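Q: Quick one: structure below, then a few questions.
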Amino acid sequence: MIALDTNIIIHALNTASPEHTVVKKWLQSDEDVLATSHICVAEALRILTHPRLIPHPLKLIDALDLLRSFLDFFDVCILGEEPTWIEALAELARNLPALRGGEVHDARIALSLREHGVRKICTFDYEFSKYEFLRVSRPV
């Protein structure tokens, strides 16, 4: 199983993205079971509807429809967080004391994947390489 980070989802959905073609080809050729987290889904909706983040933001209902179609088409499993995620985050923070800001969302994504036994994430964000339990992969 391989997890899709938010940026992979956005590049797959945004045909104007320079990485769209590479991501789309990778998705169509990859044979792994695909997963993502609730956090990535929420982040994707935030980006798709935000006028300062993409040139032509969508209405929320349209973003939801687009995202649902993508998840269904590629049969992407959405992984939830355990109720104890905050304790797991505290443990991670003790091991990575510089963790802060936007990295907190990535940490929650990483922890959610770990809880579900997912050891590989496809992303353009190399910040995930700090988590020894995750292997970072780029679409090629």
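The values are calculated or read from the model by the stated rules, or taken from the named source; none is laboratory data. As the structure is a computational prediction, the values presented were derived from the model and not from experiment. Please note: Cβ atoms are built from the backbone with ideal geometry, for glycine as well, and neighbour counts cover all protein chains shown.
Condition check ((1) within 22 Å of Ile2 (Cα to Cα); (2) polar (S, T, N, Q)) across all residues:
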{"position": "Asp65", "(1), (2)": "no, no"}
{"position": "Glu82", "(1), (2)": "yes, no"}
{"position": "Asn95", "(1), (2)": "no, yes"}
{"position": "Asp106", "(1), (2)": "yes, no"}
{"position": "Glu115", "(1), (2)": "yes, no"}
{"position": "Asp125", "(1), (2)": "yes, no"}
{"position": "Ser137", "(1), (2)": "yes, yes"}
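Q: List the pairs whose first member sits in segment 11-40 and is in a helix (DSSP H, G or I), whose second member is among the hydroxyl-bearing types (Ser, Thr, Tyr), and whose Cβ atoms are under 6 Å apart, counting only residues at least 6 apart or on separate chains?
A: Pairs found: His11/Ser17; Cys40/Thr6.
Q: Okay, next question. Please determine whether any residue of segment 43-57 is in a helix (DSSP H, G or I), touching a residue at least 60 places away in the same chain (Cβ under 8 Å) and either of a type in the set (D, E, K, R) or buried (at least 16 other Cβ atoms within 10 Å of the Cβ) (or both).
A: Kept after step one, since they are in a helix (DSSP H, G or I), are these residues of segment 43-57: 43-48.
After this cut, where a residue has to be touching a residue at least 60 places away in the same chain (Cβ under 8 Å) as well, the list is 43.
Now narrow it down to the ones that are either of a type in the set (D, E, K, R) or buried (at least 16 other Cβ atoms within 10 Å of the Cβ) (or both): 43.
Taking every residue of segment 43-57 in turn, at least one turns out to be in a helix (DSSP H, G or I), touching a residue at least 60 places away in the same chain (Cβ under 8 Å) and either of a type in the set (D, E, K, R) or buried (at least 16 other Cβ atoms within 10 Å of the Cβ) (or both).
Q: Only residues that are over 25 Å from Asp30 (Cα atoms) and either at pLDDT 95 or above or of a type in the set (Phe, Trp, Tyr) (or both): list them for segment 92-140, please.
A: none
Q: Which ones in segment 22-36 are of a type in the set (Val, Ile, Thr) and under 16 Å from the mean Cα position of the chain (by Cα)? Explain how you work it out, then say what you get.
A: Taking segment 22-36 and keeping what is of a type in the set (Val, Ile, Thr), we get 22-23, 33, 36.
Result: Val23, Val33, Thr36.
Q: Any idea which residue in segment 96-107 is surrounded by the fewest Cβ atoms within 10 Å (Cβ to Cβ), counting only those that are of a type in the set (A, V, I, L, M, F, W, C) and in a loop (DSSP other than H, G, I, E, B)?
A: Kept after step one, since they are of a type in the set (A, V, I, L, M, F, W, C), are these residues of segment 96-107: 96, 98-99, 104, 107.
Now restrict to residues that are in a loop (DSSP other than H, G, I, E, B): 96, 98-99.
Values: Leu96: 14, Ala98: 7, Leu99: 15.
Among those that are of a type in the set (A, V, I, L, M, F, W, C) and in a loop (DSSP other than H, G, I, E, B), it is Ala98.
Q: Follow-up. State which residue is modelled with the lowest pLDDT when the search covers only segment 79-90 and only residues that are loosely packed, with under 13 Cβ neighbours inside 10 Å and of a type in the set (A, V, I, L, M, F, W, C).
A: Ile86
Q: Further, regarding this structure: Test of understanding: among Ala110, Ala63, Ala93, which residue is surrounded by 14 or more Cβ atoms within 10 Å (Cβ to Cβ) and farther than 22 Å from Leu34 by Cβ? Spell out the reasoning first.
A: Numbers: Ala110 fails: farther than 22 Å from Leu34 by Cβ; Ala63 fails: farther than 22 Å from Leu34 by Cβ.
So the residue among Ala110, Ala63, Ala93 that is surrounded by 14 or more Cβ atoms within 10 Å (Cβ to Cβ) and farther than 22 Å from Leu34 by Cβ is Ala93.
Q: Specify the residue that is surrounded by the fewest Cβ atoms within 10 Å (Cβ to Cβ); the eligible residues are those in segment 121-139 that are free of Cβ contacts under 8 Å to residues at least 40 places away in the same chain and closer than 17 Å to Leu79 by Cβ.
A: The first filter runs over segment 121-139 and keeps only residues free of Cβ contacts under 8 Å to residues at least 40 places away in the same chain, leaving 126-127, 129-136, 138.
So of that shortlist, the ones also closer than 17 Å to Leu79 by Cβ come out as 131, 133-135.
Working: Tyr131: 21, Phe133: 10, Leu134: 19, Arg135: 12.
Result: Phe133.
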